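S.K.: Could you have a look at this structure, given as structure tokens, before my questions?
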Amino acid sequence: AAGVIQSPRHLIKEKRETATLKCYPIPRHDTVYWYQQGPGQDPQFLISFYEKMQSDKGSIPDRFSAQQFSDYHSELNMSSLELGDSALYFCASSLGYRGEGNEQFFGPGTRLTVL
Amino acid sequence: AQSVSQHNHHVILSEAASLELGCNYSYGGTVNLFWYVQYPGQHLQLLLKYFSGDPLVKGIKGFEAEFIKSKFSFNLRKPSVQWSDTAEYFCAVNAYSSASKIIFGSGTRLSIRP
């Protein structure tokens with residue numbers, strides 16, 4: 001079965017550079033979520049999109065922005081990168097209906113290292 | 001606001017020992033409950049989930065969890081652990097409503113002595 005695809009899998013950037021992470025949800029899934037997992041930390045919710053509209057916002061820095069496109073893939077744009085942005089960034093997708101439709105399927109993550 | 005508490009930060013067991021990891025959540029409404037496992041250097045994998053129905057749910061690799069609504073708990077159990085169960089385990093919750101973010105607990109690191 002198709003899973004959530006994230007690219008790139010690994011990314012190394014310098015401080016103050018920009019980065020773009022991409023997420024391709026499971027086919028037919030209309031909701032995408034972004035989570036950030038710092039070293040030794042639990043995943044923290046950043047932002048989500050349902051039918052191309054932002055549906056919820058968590059602890060996402062103002063330097064970050066995201067959007068969902070017409071094909072439901074999503075991109076997380078990160079600017080003015082800081083050392084503390086080094087983390088594993090997970091994307092998840094769901095068929096955004098109530099109850100069991102709200103099960104989120106996680107991608108393999110993008111490991112961002114900021115030097 | 002929703003929150004999830006995992007009281008054991010690090011558990012060390014010998015192979016074949018029984019496992020129980022505690023998880024309590026706080027949320028006023030109907031919730032979905034999950035346990036995820038993260039093996040070293042890998043991504044999150046779903047172990048099991050509870051949406052409704054039988055409060056005792058069985059997952060992959062011999063894991064099970066019991067939802068006790070009155071205690072707001074969703075403890076994870078396995079009767080006999082293996083060395084390959086060494087991983088980080090996250091309890092998680094989201095609201096039963098649509099497109100709801102998942103709130104994770106702080107995780108329990110499980111180390112199995114061979």
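We did not get these values from a lab; they are worked out from the coordinates using the rules stated. Note that this is a predicted model, so its numbers are computed, not measured. FYI the Cβ positions are ideal-geometry reconstructions off the backbone, even for glycines, and counts take in every protein chain you see.
S.K.: Rg over Rh of the range B:17-78, using C-alpha atoms and the Kirkwood radius, what does it come to?
M.R.: 0.97
S.K.: Follow-up question, since we're still on this one. Determine, for A:Met78, A:Met53, the number of other Cβ atoms within 10 Å of each Cβ, and report the residues in order from fewest to most.
M.R.: So the residues, fewest neighbours to most, are A:Met53, A:Met78.
S.K.: Report D for chain B in µm² per second (integer): Stokes-Einstein, Kirkwood Rh on Cα pairs, 20 °C, 1.002 mPa s.
M.R.: It comes out at roughly 151 µm²/s.
S.K.: Grab the alpha carbons of the range A:16-58, take their convex hull, and tell me the volume per residue in Å³.
M.R.: It is 108 Å³ per residue.
S.K.: To the nearest 20 debye, what is the magnitude of the charge dipole of chain A about its Cα centre, counting +1 on the Cβ of each Lys and Arg and -1 on the Cβ of each Asp and Glu?
M.R.: Roughly 220 debye for chain A.
S.K.: Can you work out the Karplus-derived ³J(HN,Hα) for every residue in the range B:32-38? Use 6.51 cos²θ - 1.76 cosθ + 1.60 with θ = phi - 60°, whole Hz, and x for glycine or proline.
M.R.: Rounded to whole hertz, the list is 9, 10, 9, 10, 10, 10, 10.
S.K.: Ranked by Cβ crowding within 10 angstrom, fewest neighbours first, how are A:Ser7, B:Ser14, B:Ser100, B:Ser73 ordered?
M.R.: If I rank by nearby Cβ atoms, fewest first, I get B:Ser14, A:Ser7, B:Ser73, B:Ser100.
S.K.: List, largest first, the extents of the alpha carbons of the protein assembly as shown along their principal axes, each in whole Å.
M.R.: Here the Cα extents, ordered largest to smallest, are 48, 38, 34 Å.
S.K.: Using the 10 angstrom Cβ neighbour count as an exposure proxy, how do A:Ser59, B:Ser70 rank, fewest first?
M.R.: Result, fewest neighbours first: B:Ser70, A:Ser59.
S.K.: Find the Rg to Rh ratio for chain A, where Rh is the Kirkwood radius over alpha-carbon pairs and Rg uses the same atoms.
M.R.: A ratio of 0.96.
S.K.: Among A:Ala2, A:Thr20, A:Asn102, pick out the residue whose Cα is farthest towards the positive end of the charge dipole of chain A, where Lys and Arg carry +1 and Asp and Glu carry -1 on C-beta, about the Cα centre.
M.R.: Towards the positive end, the residue furthest out is A:Thr20.
S.K.: Could I ask something else about it? Can you compute the modelled spin-label distance between A:Arg63 and B:Lys71, with each label point 7 Å from Cα toward Cβ, in nm?
M.R.: Taking the simple label geometry, A:Arg63 and B:Lys71 are separated by 4.4 nm.
S.K.: Looking at the range B:64-112 from every direction and averaging, what is the projected area of its Cα convex hull in nm²?
M.R.: 4.5 nm²
S.K.: Can you list, bin by bin at 5 Å, the percent of alpha carbon pairs in the range A:49-115, starting at 0?
M.R.: 4, 13, 22, 26, 18, 10, 5, 2, 0
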